[in-house]
Structure formats: structure tokens, C-alpha cells
1. How much FRET efficiency would the formula 1/(1 + (r/R0)^6) give for Asn114 and Ala238, where r is the Cβ-Cβ distance and R0 is 35 Å, rounded to 0.05?
2. Return the carbon/sulfur percentage of the accessible area of the chain, one whole number, probe 1.4 Å, all protein chains in place.
3. Find the eigenvalues of the gyration tensor of the Cα atoms of the range 204-244, then list the square roots of 5 times those eigenvalues as equivalent ellipsoid semi-axes, largest first, in whole angstrom.
4. Residues of the range 83-230: accessible area per residue at 1.4 Å, in Å²?
5. Where in the chain lies the longest segment free of GluC sites (Glu not before Pro) that are both loop residues by DSSP (not H, G, I, E, B) and have at most 13 other Cβ atoms within 10 Å?
6. How many times 2.2 N^0.38 Å is the alpha carbon radius of gyration of the chain?
7. Keeping to pairs on different chains or 8 or more places apart, tell me how many lysine pairs in the chain have Cα atoms under 25 Å apart.
8. Out of residues 5 or more away from Asp22 or on other chains, whose amide H comes under 5 Å of its own, with H placed 1.01 Å from N in the peptide plane?
Amino acid sequence: MLKTTDGGDNWIDIFNSGVMRDMYFKDSLNGIGVNLGSSIKRTTNGGINWSFYTISPPGDFYRISIINNFTGFVVSSNGYDVYKTTNFGESFDSVGYIPGVIESISSSEFINENVGWAGANFGQIFKTENGGRTWRLQSHVNNAFLSGIYALNDSVVWMCGAGGTIIHTTNGGDTITSINQISTNIPESFELKQNYPNPFNPTTNIQYELPVGNFVVLKIYDINGREIKTLINEFKPAGRYLFSFNASELSSGIYIYKIISGNFNETKRMVLIK
């Protein structure tokens, strides 16, 4: 472990047994961390010494989410059990579990005592709205190891994972978009490829290619030409990109997606069947 007392100009090496996956300090002395073996570590002297205890069957904790000076959550990577503390880690109580996990839970984040998200090894994203008691699968993105989640509020959430995956939502995950640069090789021309799978339910992939860096706008329209969603509206370097679109809030039907980048624009159709 490394500790700084001067804003990062200098760091002190502190010995810590085990593998600390994540930690949170509420002030300069009191901190809490999670470890392999589903153990909780606590310090009251700025990380010089740590006490620890195990709160669940075998498994690992990768992240701890503290929402105030007392309340926080952890999720077991293998057992998928969810635990809550109301006394800054002096004790944890089991409040629920996450069903339907393909492999292991690698990240979790709560924005308040009710709303939280969890990410899994194969790109699964789960959400709870009742404090971890029940969970629903929101999306399945690119089979990426989702290692980090940051929630600005209950609407704006960012996730990151293996392979350069960045996932962003502005409505709490009801529509999650993933922008993944799959190659830095420079294509010969602009191209918008057919989405796959197609038909789809509810997630599909849209691939496009840029021979030069340019501002990119990618939008979804219904069959009558009404704009449904702006998926991309930003500058992108030259390369090949794969975009994962979750249409879980849309009804079945034919939709049009359109890309505009400089003088290039192209549209294609996709079919959502629920």
C-alpha cells in the first residue's frame, strides 16, 4: 500500500498482508477496504494497522461502495451475495443476491440506499432499486470484464472494462451505450456496416469505420423518421469502432440508424423483435 500526506508529491510504502482490491477513507484516519477471501479490513490510524474479518462463504470482494460516513455495500464475486453496513464496516448484513450471473461479479456501485449497479466478467450489467434485495439484468455488453463503475447520480453512470470498453448511460441504464474502438488500423474509406444481430432483442452491435479523425453523429429514428435517440455526438480518431445499443425501452418494430461524419452520411435499417 502507498500513502501520501502532501497531495501526491511523495508516497510512503505501508506493508499490508493480503490483496486489497478496493478501499475508502472517510477521513485521514478511518478507512475500510475489501480483500480476497470475502474479507473486510478496517483501520483507525490512517492505514498503519488494519484489522479484518470475513463475512461470507468463500469468494472475493472486488469493490466497496460507501454512500455516506456510515452506509455502504459489497458484493461477493462468486456467491453473488449482497451485504450492507450501516456502521462503516463494523458489521455487515446480508440483504440479497444477484441471480443469473454467468461467471463472477467484478464491480459494484450504489448511489444511495436504494439504487445500485453491478458489473460481471462477461459484460453483464445488473441494477437494483430496492437496496440490493432484488436485481434485474439491464444489459450484456461485449463480453467485457467490467472492472469499474462510477455513478454521478441515479441517471448518469460510467463503466469501464477490459479491451478499452467504456459504457455510459444518462438515464440510469435503461439505455446503455458502449463505444469500443476495435482497431487503430486506418480504414480506406468511411463505412457504416449492417448491425448484428439483426433482428435483435434487445441489444445489437453497430460498426463504423473512419479513415480520418472527425466529428461523428450517430442517431436512431423510427420508421416514420422521428428521432428516437442520439447515440454518438463527439469527435472520434480514425479507426474502426463497435457500438453496442440496448433498445430495452423501445417497442418492437423497424428502426433506422444514421451516421454523419463530415461529408459522409449513411443510413441502414434494423429490426427489434421482442
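The values are calculated or read from the model by the stated rules, or taken from the named source; none is laboratory data. In this text the structure is predicted, and so the values were computed from the model without any measurement. Ideal geometry is used to build each Cβ from the backbone, glycine not excepted, and the neighbour counts take in all protein chains shown. To get the accessible areas, we keep the full protein, side chains included, count just its heavy atoms, and leave off ligands, DNA and RNA. Shrake-Rupley method; radii C 1.70, N 1.55, O 1.52, S 1.80 Å.
1. 0.20
2. About 50 percent, which is the carbon plus sulfur part of the accessible surface.
3. 21, 12, 8
4. 44
5. Details: sites that count: Glu90, Glu103, Glu188, Glu249.
With GluC sites (Glu not before Pro) excluded where exposed in loops, the chain gives 1-89 as its longest stretch.
6. Values: Rg = 21.4 Å, N = 274, 2.2 N^0.38 = 18.6 Å.
Against the empirical 2.2 N^0.38 Å value, I get 1.15 for the chain.
7. Total qualifying Lys-Lys pairs in the chain comes to 26.
8. Correct list: Val34.
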